[in-house]
Amino acid sequence: MNKAASALEIFFLIIAIDGPAGAGKSTVAKALATRLGFKYVDTGAIYRAVTLKVMNEGLDLEDEEAVCKLIDKTKIELKYVNSKLTVLLDEVDVTVEIRSQSVTNKIFFVSNKASIRSRLIRHQKDCASGVNAVVEGRDIGTVIFPDAEKKFFLNADVNVRAKRRYSELAGNDPAAELNRILEDIKRRDKNDSTRQVAPLMKVEDAISIDTTNLAPEEVVDSICKNLDMK
Ligand code: DC
């Protein structure tokens with residue numbers, strides 16, 4: 001590429017936010033994206049939507065090849081309108097359904113398989129292509145956007161994380177129970193951080209933030225300070 005052409009190149013900023021369930025990633029990433037005027041990308045929603053589709057189609061979740069083929073003919077869109085994320089699976093709104101306990105319990109079938117994860121890399125990159133974006137997940141700083149301008153790793157005490165998840169879910173699911181959610185979070189922490197492919201981990205150049213005693217706005221302030229933005 002000559003100098004003139006390279007001068008025309010437009011760069012978009014990616015802010016990567018990783019961490020375990022309930023660490024505050026979604027709330028913080030949404031608020032940060034709103035504050036900066038960036039797109040918000042929730043990659044967990046993509047894993048959830050694929051899991052829901054496999055369940056709806058009655059496919060064997062263990063059948064990696066069949067799941068990969070299904071992904072190739074699946075359209076997942078993340079729309080963030082008026083501070084609200086809408087997840088469209090083949091044009092159908094599945095925003096609420098993908099948060100159900102039955103989907104959550106089965107995600108690991110999808111998220112632990114290397115071939116499936118590599119199929120989903122493109123979906124995740126597409127969601128953040130051509131825009132400035134705040135992207136949250138488990139492997140954003142390590143695998144999806146290793147060259148992100150800034151990386152953050154949020155964590156919090158597990159009991160606080162369970163209480164946050166409970167407050168989020170209770171509105172939609174009257175059967176939600178704090179103890180069950182705590183056990184689920186511990187199980188998912190273990191699975192996400194010990195799986196062989198793209199395990200949840202803090203990458204060296206990520207900034208750690210312990211959100212246990214912080215309100216979401218305080219976490220956003222702390223991130224903005226690190227970005228040299230007010
Ligand atoms: O962020 P969440 O709780 O909605 O994510 C649901 C599951 O999806 C999580 O337990 C692990 C998986 N996931 C993943 O493996 N990689 C990502 N980048 C995002 C989510």
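The table below gives the values:
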| quantity | calculated |
| --- | --- |
| Two-site label geometry, residue 82 and residue 55: point separation in nm, points 7 Å out along Cα→Cβ | 2.8 |
| Coil-residue GluC sites (Glu not before Pro) of the stretch 160-230, DSSP, other Cβ within 10 Å capped at 11 | 204 |
| HN-Hα J in Hz across the stretch 120-127 - Karplus 6.51, -1.76, 1.60, θ = phi - 60°, x for Gly and Pro | 8, 4, 4, 4, 5, 5, 4, 4 |
| Ascending count of other beta-carbon atoms within 10 Å, so fewest first, for 192, 93, 173 | 93, 173, 192 |
| Amide H partners (placed H, <5 Å) of residue 207, local residues excluded | 151, 152, 153 |
| Student exercise, the chain dipole from Lys, Arg, Asp, Glu Cβ charges, in Debye to nearest 20 | 200 |
| Gain upon complete extension [residue 204, residue 227; 0.36 nm per residue less C-alpha separation] | 6.6 nm |
| Cross-link partners of residue 75 among aspartates and glutamates (Cα-Cα below 17 Å; sequence separation of 8 or more within a chain) | 42, 57, 90, 91, 93, 97, 126 |
| Table column - 3J(HN,Hα) (Hz), the stretch 205-213, Karplus curve with 6.51, -1.76, 1.60, x for Gly and Pro | 8, 8, 8, 7, 10, 8, 9, 3, 10 |
| Vicinal HN-Hα couplings computed from phi for the stretch 48-62 (Karplus, 6.51 cos²θ - 1.76 cosθ + 1.60; Hz; Gly/Pro x) | 5, 5, 5, 4, 4, 5, 4, 5, 4, 7, x, 7, 6, 5, 7 |
| Neighbour-limited loop hits for trypsin sites (Lys or Arg not before Pro), the stretch 1-110 (at most 15 other Cβ within 10 Å; DSSP other than H, G, I, E, B) | 73, 75 |
| Helix-only [θ]222 nm of the chain, DSSP H runs n ≥ 4, -39500 (n - 2.57) each, per residue, nearest 500 | -14000 deg cm²/dmol |
| Cβ-placed point charges (K, R +1; D, E -1), dipole of the stretch 1-136 about Cα centre in debye, nearest 20 | 520 |
| Amide hydrogen neighbours beyond the local backbone of residue 39, cut-off 5 Å, H modeled | 132, 133, 134 |
| For the chain, the spread of Cα positions along each principal axis, largest first, Å | 55, 43, 36 |
| Sequence of 224, 127 once ranked by neighbouring C-beta atoms within 10 Å, starting from the fewest | 224, 127 |
| Loop-located GluC sites (Glu not before Pro) in the stretch 29-83, at most 10 other Cβ atoms within 10 Å (DSSP) | 62 |
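Only the coordinates and a few stated rules stand behind these numbers; no lab work does. Everything numeric here is computed off the predicted structure, so don't read it as measured data. Glycine gets a Cβ as well: all are built from the backbone with ideal geometry, and neighbour counts include every protein chain shown.
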